[in-house]
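Please read the structure below before turning to the comments.
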Amino acid sequence: MATSDATLRAGEIKKALLEQIDHYEEDLRMEEVGEVLEVKDGVARIWGLSSAVANEMLEIESSQTGELVAALALNLEEDNIGAVVMGDYLVLKEGDMVRRTGRVLEVPVGPEFLGRVVNPLGEPLDGKGSIKAAGTMVVDRKAPGIVYRQPVKEPLQTGLKAIDSMIPIGRGQRELIIGDRRTGKTAIAIDTIINQRGGDVVCVYVAIGQKASTVASVIARLEEEGAMDFTIVVAANASDPATLQYIAPYSGCAMAEYFMYREGRHTLVIYDDLSKQADAYREISLILRRPPGREAYPGDVFYLHSRLLERAAKISEDAEVIKGHGAIDEPGGSLTALPIIQTQAGDVSAYIPTNVISITDGQIFLENDLFYSGVRPAVNAGISVSRVGGSAQIKAMKKVAGRLRLDLAQYRELEAFAQFGSDLDAATQRQLSRGARTVEILKQGQYVPMSVEDQVMVIYAVTQGFLDDVDVNHILTWEKSFLEYMRAAHPGSGAAIRGEGVLLEETEKELRKAIEEHKRIFRTEAAQQVAAAGV
C-alpha cells in the first residue's frame, strides 16, 4: 500500500514538472532594471538602463514610501541617463530601483476631458473625479507633412473688431500674441474662446507658470460664460515642477490632436505663455548640464517651440490623401495655435520673441502706451500682421475693411505730425477726424465678443464716412444703439451677411438707408437728453 502511494505521488510530481516546463517560456519575462545614482533639483542620474530611448517614461520605486514615481529620460549619456522626475523627487534617494516602461511619454485623451481642468499628465485638478479616457496620444509627436495639409482659408473669428478686420486668423494658422505684461494678451485669448460658443470648435487653454489664483479666475470666467462645455484647461502652475511646465504645451496639443485626427473636428489651442515654458526648459537643461548658449538658453530652444507650433495644421479633406498617414482617421480637421509671448519693455528683438515670431504666421502686437491711453484691445496695427490675410476673412469683411489698416496707419502719422502745427488744411483735418472715429469704433470691452455681421455693419459705417459728424465721445454709445436698432428694425441685413458671407448690392443699399435712419433717431434722442439735462 505504501509503495502504491509513493508511486502516485511520484506521478503527480512528474505531471506537475512537465506542465511547468511546457509553460516556462510563457512565464519568462526579461526586465531591464537600473538604479538611481543621485537625485537633485528634480533630476535623477540613473545607471544601468543602456537600452532606454529619448523621451521614454521610466518608473522609479521609492525605497522610503514604496510608491512609483514617473521620470522622463532626456539625457542619454555614455554611462548614465539624466531623467527629470515628474512627481515628488524628495521621496527618492540613491540606490532606488528604476524600470523602463518601453513607452515614450503619452497623455490620456478623449471627449470626457471637455469641461475639465487637468495637469500635463492628464490627471484631474478640479475635484470632479476621475476621467474615462478614450485612449492615449504621444505627447511629443511629429507634425503632419505638407501632403496631408490644405491651405488655411477658413476664418476663425475672435469676435474682436480690431483683429477680425485687420489681422484675421484662419483655422490651422499659428498667430502669435505678443506684448508686455498686463497689456491684455490673455484677455484676447479668452475672448476668442468665448466667441466659439455655439460653434464647432474645441478649445484647449494651456496655462504655463501662472499663479494658481490667476488660472482659477480664468476658469471661473469661462464657466460663467458657458465656455467650459467645449474647453479643456491644462494647468502647470508656477508652484509645479519645471518638468510639468516644460511638457504642458505638448500635452495640451496632444489633447487637441485627438479631436483633429480622430474626429475630424476644428480645434483651438492657447499657449499662455511660451516665455515661461522656455524658462522652465532652460532650468531643466542647466540642471542636466547641457551647454548654455545665448541668454543661458540651451541651443535647441528654437526647436522646442518650432516642433510644437508646426503641429498646427488644416488637414486635407481628401480621404484618399490622408490614408498615407496612419495617425489621421478623419479628414478636414484643423488645429489653430495662439501662442503668447511676454516681452520686456516692448523689446520684440529679444531672443525668445524673435524665435517665435519667425515660427508663426504673423503676430498681434499689444502696446503699453495704447493700453494705458484707453485703446483696448491695445493692438498696434503698424507692426501686427497676419500672413494668411484676406484668405481668412469672409468676403463681406474683406470688402468693408480693405483700407482700414492703411487709414489707421496714416492717421497715426498725421496725429504725430499735427502735434507740431496748428494750421492744418481741410483734407488733413477730415483725415484726422475720420481716424479718431476709427480708433474709437475699434475699442471693445473685455468678454463681449461681437458677431461677424455686427462687425461688418459698424466698420462699414465708419469707413464710408457715416460717423464723420458724430461726436467722438459718443461713438461707442452710437454703436450700441445702432446694433440694437438693426436687430429690431432690419434683422434681414445681418442675416444676409451671415448667411451669404458677402455684402450684396441690395444688402448694402438697405444698410446705408438703415444707418441714415438711425442717425436721425440718434440725433433726436441726444437733443432730447440735452434738453432734459438743461431743465
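The values are calculated or read from the model by the stated rules, or taken from the named source; none is laboratory data. Computed from a predicted structure; not experimentally measured. FYI the Cβ positions are ideal-geometry reconstructions off the backbone, even for glycines, and counts take in every protein chain you see. Ligands, DNA and RNA are stripped out before the accessible areas are found, and what is left, the full protein with its side chains, is counted by its heavy atoms. Shrake-Rupley method; radii C 1.70, N 1.55, O 1.52, S 1.80 Å.
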Task: Convex hull projection area averaged over all views, the stretch 262-365, Cα basis, nm² - done: 8.1
- [ ] Bin width 10 Å, alpha-carbon pairs only: give the P(r) of the stretch 74-167 as whole percents, running from 0 to the bin holding the largest distance.
- [x] 10, 23, 28, 24, 10, 4, 0
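For the chain, what is the accessible area per residue in Å², given a 1.4 Å probe and the full set of protein chains?
Result: 47 Å² per residue.
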Task: Partners for LYS399 among lysines (Cα-Cα distance below 27 Å; same-chain residues under 8 apart left out) - done: LYS153, LYS161, LYS314, LYS443, LYS480, LYS509, LYS513, LYS519
- [ ] Compute the projected area of the convex hull of the Cα atoms of the stretch 25-134, averaged over all viewing directions, and report it in nm² to one decimal place.
- [x] 8.8
Open item on the list: For GLU320, what accessible surface area do you get with a 1.4 Å probe? Give it in Å², rounded to 10.
Closed with: 120
Open item on the list: From the protein chains alone at 1.4 Å, what is the descending order of accessible area for HIS518, HIS474, largest first?
Closed with: HIS474, HIS518
Open item on the list: For q values of 0.09, 0.10, 0.13 Å⁻¹, compute log₁₀ I(q)/I(0) with the Debye formula on a Cα-only model of the stretch 133-273, without solvent.
Closed with: -0.28, -0.34, -0.60
Task: Per-residue [θ]222 nm for the chain (sum of -39500 (n - 2.57) over DSSP H runs n ≥ 4, rounded to 500) - done: -12500 deg cm²/dmol
Task: Net charge of Cβ neighbours under 15 Å - reference ILE287; Lys, Arg +1; Asp, Glu -1 - done: 0
Task: Calculated log₁₀ intensity ratio I(q)/I(0) where the Debye formula runs over C-alpha points of the stretch 479-527, q = 0.24, 0.26 Å⁻¹ - done: -0.87, -0.97
Task: Projected area, mean over directions - the chain, Cα convex hull, nm² - done: 37.3
Open item on the list: Compute the angle between helix 212-224 and the longest alpha-carbon principal axis of the chain, please, reported from 0 to 90 degrees and rounded to the nearest 10.
Closed with: 60
Task: Which of TRP478, TRP47 is most accessible, then next, and so on - probe 1.4 Å - done: TRP47, TRP478
Task: Exposure rank, largest accessible area first [LYS480, LYS443; 1.4 Å] - done: LYS480, LYS443
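Using a probe of 1.4 angstrom, how much of the accessible area of the stretch 449-535 is carbon and sulfur, in percent?
52
Within the stretch 275-315, what whole-number % of the accessible surface is contributed by carbon and sulfur, with the 1.4 Å probe and all protein chains included in the calculation?
55
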